Amino acid sequence: MQPTSPQLTALKAALFAACLWPLAQLGWLAWTDGLGANPIEFITRHLGTWTLSFLLITLAVTPLRHLSGWHWLIRLRRMLGLYAFFYAALHFLTYLWLDQFFDLASIVKDIAKRPFITAGFTAFLLLIPLAATSNAAMVKRLGGRRWTQLHRSVYAIAIIGVVHYWWLVKKDITLPLLYAVLLGALLGFRALRLARERQRQLSTYL
Ligand code: HEM
């Protein structure tokens, strides 16, 4: 299956709108008084969950592409990655604004003191260069090889994101565990392909 150029444009527009769903959901719940007894916690958690989900959805593109043979899926990856950054920025902003009231001293102390905040902050910092170099002009400027090397940090970011989640839950680890298993499967797929590729190269060389 290979969509035509107009079909791909329509698909991208539909995906762009669909990715705004978590934000629209928050807006609707805020409007209808549905954010619960602790709205700040609800908003922070909702945005955090979606940040991690978008990171995993972005990482799922390559395996899906290889398994299905739909190589055009790669054309959707940048948008998904940028949405991960968008939700991470909103998640961080909620923390800075609604949780910490932009109190810089308290934020610095919190980042240094609470390991799960340190992890979240690290993941967010690491996401910035990826978002900043996501366009075609930056790929050209950095060169394909350096760009790819830089963007491999998304694996570390996703791992740190899961650790951040794992460390913040107090009792029930079901959800962080689920994210860890999904991430393990996505990274495992890549490791397996890499190992196979290396073996093939070695056997043609020998
Ligand atoms: C890539 C970066 C990040 C990812 C993937 C991420 C992911 C998450 C996830 C999955 C949750 C739990 C949601 C739930 O309970 O359903 C969460 C909660 C939270 N995150 Fe993040 N986060 C990131 C960055 C940050 C940053 C930069 C900060 C602040 C410096 C932060 C602060 C928090 C706080 C305060 C909570 C709520 C904790 C609580 O409920 O007690 N996160 N995040």
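What follows is calculated from the coordinates using simple rules that are stated; it is not laboratory data. Treat the numbers as computed from the prediction; the structure is a model and nothing was measured. Virtual Cβ from ideal backbone geometry, glycine too; neighbours counted across all protein chains shown.
Quick check: residue separation of Arg75 and Arg145 times 0.36 nm, minus the Cα distance between them. What number comes out in nm?
23.3 nm
To the nearest 0.05, how large is the calculated FRET efficiency for Val108 and Asn38 if R₀ is 25 Å and r is the Cβ-Cβ distance?
Here the calculated transfer efficiency is 0.55.
Multiply the residue separation of Gln25 and Thr49 by 0.36 nm, subtract the distance between their alpha-carbon atoms, and state the gained length in nm to one decimal.
7.3 nm
So what's segment 5-205 giving for Cα Rg divided by 2.2 N^0.38 Å, two decimals?
So the Cα radius of gyration is 1.13 times the expected 2.2 N^0.38 Å.
Apply the Karplus curve 6.51 cos²θ - 1.76 cosθ + 1.60, θ = phi - 60°, to the phi angles in segment 122-134 and return the couplings in whole Hz, x for Gly and Pro.
4, 4, 5, 4, 5, 6, 4, x, 5, 5, 5, 10, 7
Cross-link partners among lysines for Lys113, C-alpha distance below 26 Å, same-chain residues fewer than 8 apart left out?
Output for Lys113: Lys170, Lys171.
What does the net charge come to around Arg65 if you take all other residues with beta carbon closer than 13 Å to its beta carbon, with K and R at +1 and D and E at -1?
My count for the surroundings of Arg65 gives +4.
Label Ala180 and Thr9 with points 7 Å out from Cα along Cα→Cβ: what is the distance between them in nm?
It is 4.7 nm.
If you plug each phi of segment 170-176 into the Karplus form 6.51 cos²θ - 1.76 cosθ + 1.60 with θ = phi - 60°, what whole-Hz ³J(HN,Hα) values come out, in order, with x for Gly and Pro?
3J(HN,Hα) across segment 170-176, in whole Hz: 8, 10, 7, 8, 3, 5, x.
Taking the mean number of other Cβ atoms within 10 Å as a proxy for protection, how do you rank 54-63, 109-118 from highest to lowest? Working shown, then result.
Values: 54-63: 20.3, 109-118: 14.1.
With the highest mean Cβ count within 10 Å placed first, the list reads 54-63, 109-118.
Rounded to whole Hz and in sequence order, give me ³J(HN,Hα) for segment 80-91 from the Karplus expression 6.51 cos²θ - 1.76 cosθ + 1.60, θ = phi - 60°, writing x for Gly and Pro.
With the stated coefficients, segment 80-91 comes to 5, x, 5, 5, 4, 5, 4, 6, 5, 5, 5, 4 Hz.
Once both labels are modelled 7 Å past Cα along the beta-carbon direction, what's the Arg196-Leu93 spacing in nm?
Going by the 7 Å Cα→Cβ label model, 4.2 nm.
Listed highest first by mean packing, meaning other Cβ atoms within 10 Å per residue, what order do 171-181, 122-132 come in? Could you put the intermediate results ahead of the total?
Details: 171-181: 12.4, 122-132: 16.4.
Top of the packing list down: 122-132, 171-181.
Which shape class applies to segment 112-206: rounded if a/c is under 1.5, otherwise prolate when a/b exceeds b/c and oblate if not, where a ≥ b ≥ c are the square roots of the Cα gyration tensor eigenvalues?
Numbers: a/c = 3.28, a/b = 1.37, b/c = 2.39.
Judged from the Cα gyration tensor, segment 112-206 comes out oblate (a/c at least 1.5, b/c at or above a/b).
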